[in-house]
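A.B. asks: Okay, handing you the structure first.
The values are calculated or read from the model by the stated rules, or taken from the named source; none is laboratory data. Here the structure is a predicted model, which means the values were calculated and not measured. Note that each Cβ is placed from the backbone with ideal geometry, even for glycine, and that neighbours are counted across all protein chains shown. The protein model used for the area step is the full one, side chains on, heavy atoms only, and it has no ligands, DNA or RNA in it. Shrake-Rupley method; radii C 1.70, N 1.55, O 1.52, S 1.80 Å.
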Amino acid sequence: MKVEAILFDFDGTLANTMANHFFCWETALHEIGISIRSEDYYPMEGASLYEIARKLSGQNDKSLIDKIVRRKKQLYVDSYKVKRLEFYPGVKNLIKSLSTKYPVAIVTAGHEDQLRGTVPRNFLDLFSVLICGDMVNENKPSPEPYITACKKLVKEPAHCLVVENAPLGITSAVNAGCYCVGVQSTCKKEELSKADEIIPKISNLFDTKILS
């Protein structure tokens, strides 16, 4: 396979944000009297924010779900006004290097306002395409986010490499027809078994068979 574009998940793949996402969900739900555990949240990584809110709250009222999502997003964006978003080691240089050789994209369940409100603009500007959760009808594990990104890049999925850290994202990428590399940043190796290759860290991306 000839790689013609590289598509990255964001949270847990490029940036070490998952603990903060959980804290913000936990806080937003605690404010309305609902307690959650980390094991309730992490398996849903990559799903629609509204789906996450429904499952964590056990509620289906649209106005309440909208309120929870808005509050969670507010808490998340506000948190990075007092601290800097943490990329995984080597990520900035990796993306700078790859973006000179391939079109690169971010494909995330996070909403666009959340992404742009927390990630430095000079980093986002390295990407040819951004596909956020509020830009598609179905989020991961549906293949729609990655199919949409491939169309925007004008590349066939069979020539696109996806880098993901979570099972729902890997399922999305594989079902879209992309080659998927799983990164063990937040999940155990056995949880990433649907990926074509698995690496321990994002900095090991050039060690993969597909890019070597």
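A.B. asks: Find the residue count for the stretch 33-50, including only residues that are under 17 Å from T108 (Cα atoms), part of a loop (DSSP other than H, G, I, E, B) and not acidic (D, E).
C.D. replies: Of the residues in the stretch 33-50, 3 are under 17 Å from T108 (Cα atoms), part of a loop (DSSP other than H, G, I, E, B) and not acidic (D, E).
A.B. asks: Let me ask you something else. If you check F87 against the conditions, is it touching a strand residue (DSSP E or B) at 6+ places or on another chain (Cβ under 6 Å) and either of a type in the set (S, T, Y) or open to solvent by 20 Å² or more (accessible area, probe 1.4 Å) (or both)? I'd like the intermediate steps shown before the answer.
C.D. replies: Details: touching a strand residue (DSSP E or B) at 6+ places or on another chain (Cβ under 6 Å): yes; either of a type in the set (S, T, Y) or open to solvent by 20 Å² or more (accessible area, probe 1.4 Å) (or both): yes.
Yes.
A.B. asks: Does L168 qualify as being under 13 Å from V107 (Cα atoms) and touching a Phe, Trp or Tyr at 6+ places or on another chain (Cβ under 9 Å)? Steps first, please.
C.D. replies: On the way: under 13 Å from V107 (Cα atoms): yes; touching a Phe, Trp or Tyr at 6+ places or on another chain (Cβ under 9 Å): no.
Spelling it out, it is not the case that L168 is under 13 Å from V107 (Cα atoms) and touching a Phe, Trp or Tyr at 6+ places or on another chain (Cβ under 9 Å).
A.B. asks: On to the next question. For the stretch 51-137, please list each of the helices (runs of 4 or more DSSP H) lying entirely inside it that holds at least 3 residues being within 21 Å of T27 (Cβ to Cβ) and free of Cβ contacts under 8 Å to residues at least 24 places away in the same chain.
C.D. replies: Details: elements: 62-79, 91-98, 112-116, 121-124.
Ranges flagged: 62-79.
A.B. asks: Of the numbered conditions (1) open to solvent by 20 Å² or more (accessible area, probe 1.4 Å); (2) in contact (Cβ under 8 Å) with a residue 40 or more places away in the chain; (3) out of contact with any Ser or Thr (no Cβ under 9 Å at 6 or more places or on another chain); (4) closer than 18 Å to S142 by Cα, M1 satisfies every one except a single condition; which is it?
C.D. replies: (4)
A.B. asks: Starting from residues that are in contact with a strand residue (DSSP E or B) (Cβ under 6 Å, 6 or more places away or on another chain) and closer than 22 Å to F87 by Cα, keep the ones in the stretch 184-196 and report whichever is surrounded by the most Cβ atoms within 10 Å (Cβ to Cβ). Before you say what the answer is, go through the steps one by one.
C.D. replies: First, the residues of the stretch 184-196 that are in contact with a strand residue (DSSP E or B) (Cβ under 6 Å, 6 or more places away or on another chain): 189, 192, 195-196.
Pick out the ones that are also closer than 22 Å to F87 by Cα and you get 189, 192.
Details: K189: 12, L192: 23.
Looking at residues that are in contact with a strand residue (DSSP E or B) (Cβ under 6 Å, 6 or more places away or on another chain) and closer than 22 Å to F87 by Cα, I get L192.
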